[in-house]
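Everything below concerns the one structure shown next.
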């Protein structure tokens, strides 16, 4: 039997007339009568009988109303439980990231979420040479990305973009470098230097292109590496200078120092990308909020250290 037709019978038992049921449900009296006739056919027995100028429920009708009431209670209880469940941050959340994004944020985020009952955050990393990390959103609940050039297209694709942080990118130098005494560098300071570069179109490489544009001469790139750890080792070993992210570069006691660069845009914007429907899940919202809080703490700690 159709639940909606059972509800009409229940309304009839409480309101007394087909007209009152029609007014309450926003349909015509003839439509109510038609649905009640269909319900009688489904029940296989009369559910109403004439009573004066109106109708009344038969014994079978009253029994079916009791059943309809029990069904309505069960439906409300199920919907209430489901509503409560959907408000809880439970279930599995999948997240993928570029390597240094994971290095910066995931240990702290996982530590904070480990005690949330029923929540499991499953993380992976990706080749940073992937053309557009937004392509991963069909396969993951949350995608961390750091390509500011692609930001407008992310929203054009209907994705939810949650900014997490802007990370400065610095010039990495050997401790013995001639520029080590300077507290801030300009593109002119770097003219003629040997560079340890990044793959083309990485955020670091785009900054090197801007330096070339300011100086009016091509930069001398001796090597290119995707792994920042190799770049750090090359710089510390005196093989050249490089552009590296501020928050994950190991520049203490290893032969490497970093200096901010003025005169060009030197940052990368890191965001969480999601499909809007997945962003509605309380578990996904909790993970994103935790990512935001940890990103803010990380940026604040570096600002305080610099001050």
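The values are calculated or read from the model by the stated rules, or taken from the named source; none is laboratory data. None of the values given here were measured: they were computed from a predicted structure. Cβ placement follows ideal geometry from the backbone for every residue including glycine, while neighbour counts extend to all protein chains displayed.
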Study note, to complete from the structure: Going through the range 73-109 in order, the residues found to be over 17 Å from residue 281 (Cα atoms) and loosely packed, with under 15 Cβ neighbours inside 10 Å are 73, 74, 75, 76, 77, 78, 107
Review point. Looking at (1) assigned to a helix (DSSP H, G or I); (2) surrounded by 16 or more Cβ atoms within 10 Å (Cβ to Cβ); (3) assigned by TED's automatic domain parsing to the domain that holds residue 259, which is the only condition residue 172 fails?
Key: (1)
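Strands (runs of 3 or more DSSP E) wholly in the range 48-144 with at least 2 residues that are closer than 24 Å to residue 155 by Cα and modelled with pLDDT of 90 or more - which ones?
Values: elements: 48-51, 54-57, 91-97, 119-125.
Hits in the range 48-144: 91-97, 119-125.
Restricting the range 189-200 to residues that are surrounded by fewer than 13 Cβ atoms within 10 Å (Cβ to Cβ) and free of Cβ contacts under 8 Å to residues at least 40 places away in the same chain, which is nearest to residue 169 (Cα to Cα)?
Looking at residues that are surrounded by fewer than 13 Cβ atoms within 10 Å (Cβ to Cβ) and free of Cβ contacts under 8 Å to residues at least 40 places away in the same chain, I get 200.
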Check your understanding: Checking residue 162 against (1) assigned by TED's automatic domain parsing to the domain that holds residue 300; (2) without any contact (Cβ under 8 Å) to a residue 24 or more places away in the chain; (3) surrounded by 12 or more Cβ atoms within 10 Å (Cβ to Cβ), which test does it fail?
Key -> (2)
Practice item. Could you list, in sequence order, all residues of the range 261-284 that are crowded, with 16+ Cβ neighbours inside 10 Å and closer than 30 Å to residue 85 by Cβ? Key: 271, 272, 273, 274, 275, 278, 279, 281, 283, 284
Review point. So which strands (runs of 3 or more DSSP E) are wholly in the range 205-283 and hold at least 1 residues that are in contact with a strand residue (DSSP E or B) (Cβ under 7 Å, 6 or more places away or on another chain), over 30 Å from residue 155 (Cβ atoms) and touching a residue at least 12 places away in the same chain (Cβ under 8 Å)?
Key: 220-224, 242-245, 256-259
Point to revise | Single residue of 153, 147 found to be surrounded by 12 or more Cβ atoms within 10 Å (Cβ to Cβ), modelled with pLDDT under 85 and farther than 22 Å from residue 103 by Cβ | key: 153
Review point. Among all residue pairs at least 6 apart or on different chains, which show Cβ distances below 8 Å where the first residue, located in the range 24-38, is assigned by TED's automatic domain parsing to the domain that holds residue 65 and the second is surrounded by 13 or more Cβ atoms within 10 Å (Cβ to Cβ) and not in a helix (DSSP H, G or I)?
Key: 36/47; 36/48
